[in-house]
Amino acid sequence: MHFLPVRPGFFVFLHFFFDQISIEVKRTEIKHALLSEDFEQEIKVMGWVRTKRTSKNVAFIALNDGSVMHDLQLVVDLEKIPEESLALMHTGASVAAFGKLIPSPGSGQRVELAVSSIELLGEANPDEYPLQPKKHSLEFLREKAHLRFRTRTFSAITRLRHAMIFAIHKFFNDRGFYNIHSPIITASDAEGAGEMFQVTTLKLEKLPFDENGEIDYKQDFFGRKANLTVSGQLEAELAALAMSKVYTFGPTFRAENSNTSRHLAEFWMIEPEVAFNDINDNMDLAEEMLKYLISYALENCSDELQFLSKRQQEEEKNKKPEDRSMELIEKLQFVLAHPFERITYTEAIDILRNSNYNKKGKFAYPIEKWGADLQSEHERYLVEKHFKKPVILTDYPREIKAFYMKQNDDGKTVRAMDVLFPGIGEIIGGSQREEVYEKLLQRMEEMHIPLESMWWFLETRKFGTVPHAGYGLGFERLMLFVSGMTNIRDVIPFPRTPLNCEF
C-alpha cells in the first residue's frame, strides 16, 4: 500500500474546511430545536424576531419561523457579541443565528440557544413596521393581511387550516373515495339562485348585441354565458355514477352582496357524492367525517387549540357568563361525546313554534307556520338550548330546497339534510338526490332551470340511474367552529367580500 505525500499546510486547510462545514450547517426548524434532547448540538436557526430585550450583559431574542406555535429564545452574550451588532434586529426583522442548544433556566421553555454568531437577514424599521408587540384588533389585521400570518393568532389558524385540509383528504382516501377536480368555470347554476360571478372576455365598454338587443354571447370566449362555479356537486354526481365514491374539494364563488361575519364571495367546499347511498347513509357519513376531523384537530393541533381557546376567553371576559361561548376544547369534545340528534323539519318547527323563545318574541324571525326557512338563530336554539347536542334536520319543504333533491312520497317534502352545530348553526347541507328522470325533469321545469344547458345532468338519470346522495361542507364554516373565531374573514388567508379584493 502506498501513501501520497502530504503537502505543507494541508492540515491547516483541513481544519479550515471543517470550520466551514460547521458554519454552513443546514437550518434547523424551530419546532425540531424545541424538541431536541441533544444539548451539545450546535445548530443554525432562521426566523423573524417577535421581541428583543436586554438585561445587563445579555440580550434575549424571541425567534419564530412559523413551524410551531412557540418561540425559541436566543441568548446573546453581549461581552462576546457587541450590542451594536443587534441594533437593527427589531420586531419583524429576520435573522440567522448559530449556537448551542442548552437547557433553559427560565419558565415556559425547555431549551434555549446560546448564540455564538448572529446575522441580520432583513431589517424591519420600527417606525414603519405595523405589527409591534402589542394587541392588534382583527379589523386592523385584515387591512394587513400580507403580514398577519406573523401574528400568533393567524399562524395558529394557518397551521390548523393545513391540518384540516390534510385530514379531509386522509378521511376520504382511507375510505376508498376518489378526488375529483370539478370545473371552476361553468355554464350551469347548481343552486338555481343566480348569484354567480360572470366570466367573459367581451370588452365591457363595447359589448356586442344581437338582433333582439341582447348581449351576443356567441362572440364570447365559450360561445355562451359562463360563470364561476357555486358548487362542484353536479360534476361530482357524474363521477359518482361510475366511480361510486368521489369527493371534490375546491373553491366556490357566490356573488351575494352580504357583509355578514358568515359570508364570503370566495370560499372552499368539500362535496362527497356516493352512489347507492340513501339519506341515512348520507347522515352517517357526515357525522363520521365531522367527528374524525375534530378528533384529528384535538390530537394534532393541541398547542394551537389551547392558544385559540385562551384568546377566545380573553375576548369574552367582559361578557355575562350566559353570553360567553363554550370553552373551545370543551366544545370540540362535546361534539365527539354525543351522537347527533336526528329529527325532521316538521318536528323542529313544532319545537320552535312552541318554545318560550318564540312565544316571548326573542327570535328576530318568529316561527309562525310550517314552511318557514329556518334562520341561524333557530338552528342554534335547537342545538344549544333544546337538545344540547349537534342536530341533523331532514325532510324539508320542497319549496325551499334545490331542484335536485329526492322528492318524498308526501309530495310536500324532500330528503334534504342539514347538520347543525353549536355556535354556528348549519355546517353541512346535503340530500339524497332525485334519481328518477321524470321527477327530476318536472322539478327542473317547475323551477325554470334551463334544460338546454343541463341535458347532460338529465341523461345520467336515463342511463343506469341509481339512488345516490351527497352533501357540502363549507370549509371556512368548519374552520370557524374548530378555531373558535367568530368572523369568517379571519379563517381564510385572503378574504374576498363586497368591495374587498385586496392582496
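The values are calculated or read from the model by the stated rules, or taken from the named source; none is laboratory data. Note that this is a predicted model, so its numbers are computed, not measured. Neighbour counts run over all protein chains shown; Cβ positions are idealised from the backbone, glycine included. Just so you know, the surface numbers come from the protein's heavy atoms only, side chains and all, with ligands and any DNA or RNA stripped out. Shrake-Rupley method; radii C 1.70, N 1.55, O 1.52, S 1.80 Å.
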Exercise for the section: Mind listing just one residue for me: the one in the range 453-482 that is part of a strand (DSSP E or B) and in contact with a helix residue (DSSP H, G or I) (Cβ under 8 Å, 6 or more places away or on another chain) and, of those, nearest to Leu241 (Cα to Cα)? Expected result: His468
Practice task
May I ask you to say which residue of Glu195, Glu235 is open to solvent by less than 40 Å² (accessible area, probe 1.4 Å) and either of a type in the set (D, E, K, R) or within 27 Å of the chain's Cα centre (by Cα) (or both)?
Solution key: Glu235
Practice task
Could you tell me whether the range 22-34 includes any residue that is open to solvent by 20 Å² or more (accessible area, probe 1.4 Å), part of a loop (DSSP other than H, G, I, E, B) and within 19 Å of Arg148 (Cα to Cα)?
Solution key: no
Exercise for the section: Taking the options His181, His146, name whichever one is in a loop (DSSP other than H, G, I, E, B), touching a residue at least 60 places away in the same chain (Cβ under 8 Å), in contact with a strand residue (DSSP E or B) (Cβ under 8 Å, 6 or more places away or on another chain) and open to solvent by 50 Å² or more (accessible area, probe 1.4 Å). Expected result: His181
Exercise for the section: Please enumerate the residues belonging to the range 449-473 that are open to solvent by 30 Å² or more (accessible area, probe 1.4 Å), free of Cβ contacts under 8 Å to residues at least 40 places away in the same chain and of a type outside the set (A, V, I, L, M). Expected result: Pro450, Glu452, Trp455, Glu459, Lys462, Phe463
Completion exercise
Among (1) closer than 30 Å to Asp323 by Cβ; (2) of a type in the set (Asp, Glu); (3) open to solvent by 20 Å² or more (accessible area, probe 1.4 Å), Glu476 falls short only on (3)
Completion exercise
Those residues of the range 45-74 which are open to solvent by 30 Å² or more (accessible area, probe 1.4 Å) and assigned to a strand (DSSP E or B) amount to Met46, Trp48, Arg50, Thr51, Lys52, Arg53, Thr54, Ser55, Val58, Phe60, Gln73
Problem - Contacts under 7 angstrom Cβ, first residue in the range 396-408 being more than 14 Å from Glu435 (Cα to Cα), partner in a helix (DSSP H, G or I) and open to solvent by 10 Å² or more (accessible area, probe 1.4 Å), 6 or more apart - result: none
